[in-house]
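One structure is given below, encoded as structure tokens.
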Amino acid sequence: MNVIIFGPPGAGKGTQSQNIVKKFKLFQISTGDLLRSEIQNKTSIGKEIEDIISKGDFATDDIVNKLIKNVIFDPQKKNKLIFDGYPRSLSQAKNLDLLMEKSKQKIDYIFFLNVNKDIIIRRIEKRKILEKRSDDDLNIILKRYDTYMDKTRPVLDFYSKNPNFYEIDGGEEISIISSKIEQILSV
Ligand code: AMP
């Protein structure tokens, strides 16, 4: 099965993805992680990506779509994908549809972790202490939230009519959210 975990920054997409990976033997595809590894490995696009992420903007669709394409066409990962932080815009959502069709796969579940702005700010501030991500500064968090509302939120309309769309209260305890997701995936 292939799964999308969708929601604002700080909604718990990464945490929930990691849990699903363990329980259902899927591969977590985090575009944030893929982008950060380009920075760490100092690739030709690493510096450009670093500047974008540090401002709370989005990497270009060109860059992200290229990174995601390699993963989708990896035979080892076929039908075992969990997308965390992708798609983040309507054009990425349409690109994903296209790539899934070309690779003869489909999205089986879409989870929307719904969380309000106050909880997001609280959680990311806490994560800043634990993970030391340079984009977890308060001003950048607010910018990332605005970018989400502007570019990512429209993707919700694109998916919400899908029969496999599930909205989950992302403000709940991690374990409660995990068990709700597991229950749906186990049917
Ligand atoms: P994340 O780890 O998912 O919170 O992503 C961290 C940052 O990476 C985001 O704030 C964006 O700057 C960038 N990023 C991650 N995924 C995408 C994507 N699908 N499209 C564009 N930029 C992305």
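The values are calculated or read from the model by the stated rules, or taken from the named source; none is laboratory data. For clarity, every value in this text was computed on a predicted model and none was experimentally measured. A quick note on method: Cβ atoms are made from the backbone with ideal geometry, for glycine too, and the neighbour counts reach across all protein chains shown. The accessibility values were calculated without ligands, DNA or RNA, using every heavy atom of the protein model including side chains. Shrake-Rupley method; radii C 1.70, N 1.55, O 1.52, S 1.80 Å.
Below are the figures for this structure:
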read-out	value
Label-to-label distance, nm, for residues given as residue 43 and residue 117 (7 Å Cα→Cβ offset)	3.4 nm
Shape box of region 3-185 [Cα atoms, principal axes, largest first, Å]	39, 39, 30
Positive minus negative residues near residue 144 (Lys, Arg vs Asp, Glu; Cβ under 14 Å)	+4
Percent breakdown of C-alpha pair distances by 5 Å bin, ordered from the shortest bin, for region 47-131	3, 11, 18, 20, 18, 15, 12, 4, 0
Å² per residue, accessible surface of region 3-185 at 1.4 Å	54 Å²
Cut-off 12 Å between beta-carbons: net charge of the residues surrounding residue 34, Lys and Arg +1, Asp and Glu -1	0
Net charge over other residues, Cβ less than 11 angstrom from the Cβ of residue 21 (K, R count +1; D, E count -1)	+3
Tail weight of P(r) past 14 Å, computed on alpha-carbon pairs of region 96-151, percent	67 percent
